[in-house]
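Below is one structure, written out as structure tokens; comments come after it.
The values are calculated or read from the model by the stated rules, or taken from the named source; none is laboratory data. Just so it is clear, the model here is predicted, and its values are computed rather than measured. Note that each Cβ is placed from the backbone with ideal geometry, even for glycine, and that neighbours are counted across all protein chains shown. Note: accessible area is taken over every heavy atom of the protein model, side chains too, but ligands, DNA and RNA are not part of it. Shrake-Rupley method; radii C 1.70, N 1.55, O 1.52, S 1.80 Å.
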Amino acid sequence: MQSAKLIVLEKLRLHLFKIFSLLFFILVSFQLCAQSNSPYSRYGLGDAATGGNTTSRGMGGISAAYADINSVNFNNPASYSQFLAVQEQRSKKLSSGRVVLDVGINVSTRSLIAPKTPERFTSSDLIFSYVQVGVPLRKNWGMAFGIRPVSRVGYRINAIDSVKDSFGNTLAISTLHRGTGGTYLPTIGTGFAIKNFSAGFHFGYLFGNKDITLLKQPIGISAIGISDSLQYYPSKHNTFTSFGNIFFDVGFQYVATLKNDKSGNTKLRLGASGNWKQTFNASQNRKVHTYTLGSAGEELTIDSIYEKNGVKGDVIYPSSYKAGVILQHTNINGSAWLFGVDYSTGKWSEYRFYDQQDSLQDSRTIHVGAQLTPRPRSSYFSFVSYRFGFFTGRDYIKVKDDLPLFGASFGMALPVRTSRYAPNQATVFNIGLEYMKRGNDNNLLKENIFRFSLGLNLSDFWFGKKKYE
């Protein structure tokens, strides 16, 4: 009786730990401090979100050929075929399967630097990264669903220009360029394997918005032959665009066993994934008006100059592709290593926003990453997997010159102790540290980004049938 109570209490403790861990991630994810200021997010649909889950980011972003039973690699749906499933021997039906919950958040610090000057601006943000659930359906067949951000718009830029009005007045105009918004992608996908070959696809709905505002404020007048009573009021120019449509992407993987003996096994994994060019329906509201500020600082409209709502148009989202290879080895003593290389490209020259091009070009990036798992010993850190990687290439934004990219990363998988009363439950905290340099002295601005990623993987066997003697 006492033993049964201990088992119940231990299982309750584990469930409470997982519930509170998940609640922590949800609360943090939805109480975001969006303070980041990236002028480059004014182009296209905004700054592209960090690709892949925390596991992938720790290895320089490799994901095309990667598959894991304890995480959800949503960059390639073919990997869903590798979710762990146990079949009944006679009926071949699903007896039990390891269901995976994969959640992540990012904390970033971004420094904007004007080349060859001491000017620097630093901002930080905490953002939701992804939430995914992976479910095995049968052996070699799985599915996953979830939501993740695709891009983010967030900038504030002040500029001062001189113009002349129709009366010959020279006006110094202070213009605040302000942008907010972002793009999100909820998806459901499936992947299946036939022998060594796997294929999968995602079906989702990509939606988002861009809210662009220009605040123009006269700050000086040099009048020529007119009355001092002439007044100029600040003006507000706002364009709000919302868009969305069905979204598809596909992926493939192939696994070849190079060695399999008593000492362990060595495998070569190949993978590719991508999406084709897709068109989203868009609606736009445009408004221009002059205003003044009330005693409480509120905005009071003086005159509406132009307003038009519900302007229909299209947003063309470009095609993108990623291909990679991974060589991995697992020893019989539990130690393991893998090394991988990915190449990715985005055809951003195809992008259109209401038939207009932008300062964009096709991107090219090479990702290199590795993971090392030591031989398990008495020390906790011998059970930790260590990840390393880097990436380099050309960004999709081009303002006068190419925008070069370089980044390096480090990550760890920190397992939580498994209880003997619930041996099938597994909890892993994944952490990732990334440094990215965007631009050089030939660009208008350079960005240095430090990012800390925290991922939580919860998994357990579901669908198991109880057996009675």
Among the residues in the stretch 66-73, are any surrounded by 15 or more Cβ atoms within 10 Å (Cβ to Cβ), aromatic (Phe, Trp, Tyr) and either in contact with a Ser or Thr (Cβ under 7 Å, 6 or more places away or on another chain) or not in a loop (DSSP other than H, G, I, E, B) (or both)? yes
For Ala282, indicate whether it is more than 20 Å from Gly44 (Cβ to Cβ), surrounded by 14 or more Cβ atoms within 10 Å (Cβ to Cβ) and in contact (Cβ under 8 Å) with a residue 12 or more places away in the chain. no
Which residue, of Gly61, Gly134, is touching a His at 6+ places or on another chain (Cβ under 8 Å) and crowded, with 19+ Cβ neighbours inside 10 Å? Gly61
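Looking at Gly204, Gly208, Gly168, which one is of a type outside the set (A, V, I, L, M), farther than 30 Å from Asn443 by Cα and modelled with pLDDT of 90 or more? Working first, answer last.
Values: Gly208 fails: farther than 30 Å from Asn443 by Cα; Gly168 fails: modelled with pLDDT of 90 or more.
Among Gly204, Gly208, Gly168, only Gly204 is of a type outside the set (A, V, I, L, M), farther than 30 Å from Asn443 by Cα and modelled with pLDDT of 90 or more.
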Looking only at residues that are open to solvent by 20 Å² or more (accessible area, probe 1.4 Å) and polar (S, T, N, Q) in the stretch 188-221, which one is nearest to His289 (Cα to Cα)? Gln217
Please state which of the following conditions Ser95 fails to meet, knowing it meets all the rest: (1) of a type outside the set (Phe, Trp, Tyr); (2) open to solvent by 20 Å² or more (accessible area, probe 1.4 Å); (3) in contact with an Asp or Glu (Cβ under 6 Å, 6 or more places away or on another chain); (4) modelled with pLDDT of 85 or more. (4)
Tell me the residue from Asn245, Asn238, Asn285, Asn281 that is within 29 Å of Tyr66 (Cα to Cα), part of a strand (DSSP E or B) and either in contact with a Pro (Cβ under 6 Å, 6 or more places away or on another chain) or among the polar types (S, T, N, Q) (or both), please. Asn245
How many of the residues in the stretch 396-425 are open to solvent by 30 Å² or more (accessible area, probe 1.4 Å) and either in a strand (DSSP E or B) or acidic (Asp, Glu) (or both)? 11
All positions within the stretch 304-323 that are surrounded by 11 or more Cβ atoms within 10 Å (Cβ to Cβ), of a type outside the set (Gly, Ala, Ser), assigned to a strand (DSSP E or B) and in contact with a Lys or Arg (Cβ under 8 Å, 6 or more places away or on another chain): Glu307, Val311, Asp314, Val315, Ile316, Tyr317
Quick check on this structure: which one of Phe410, Phe391, Phe406 is of a type in the set (A, V, I, L, M, F, W, C) and in contact with a His (Cβ under 8 Å, 6 or more places away or on another chain)? Phe391
